[in-house]
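Below: the structure, in structure tokens.
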């Protein structure tokens, strides 16, 4: 292997490492921003499952029956995915139906929060990054420009994205 081939190989390895670093930074940024919405969703799901296990039901003979964790997890899973198999393994009591109704509304609110947080990570338009990003256009109007010294205006103008000029 000659010197040129080694250099080309080294540069390709560096480019791959830089690309992998950029990808992992992006993934960690998304996970950091989505931490609260995911915790909210998991908490709503856990509270819904625990509530179904605590609310007593009735079996086919009319005896009191409590749903196990697996059954409650199963019911909340197919309810959350809108498959809707029905009331398993026995018909629900009014208390259980009310709890499932409240759980459905809570999960809809939780999913709306999660999807809204995920969409807030996307750039609004070219040159602008949403939520805490660096590249934003300056405010419109001439009043704010007169207050700044000329050196500050020149320095700030260089940092603006090309879409703002």
### Query
For the residues 54, 122, 106, what sequence is obtained by ranking on other C-beta atoms within 10 Å, fewest first?
122, 54, 106
### Summary
Rounded to a whole number, the Stokes-Einstein D of segment 31-125 in µm²/s (Kirkwood radius over Cα pairs; 10 °C; 1.306 mPa s) is 109
### Highest-first arrangement of 38-46, 23-31, where packing means the average Cβ count within 10 Å
38-46, 23-31
### Summary
Quick calc, residue 122 & residue 82: beta-carbon distance into FRET formula, R0 35 Å, rounding 0.05, result 0.85
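Only the coordinates and a few stated rules stand behind these numbers; no lab work does. Keep in mind the model is a prediction, meaning the values are calculated, not measured. Virtual Cβ from ideal backbone geometry, glycine too; neighbours counted across all protein chains shown.
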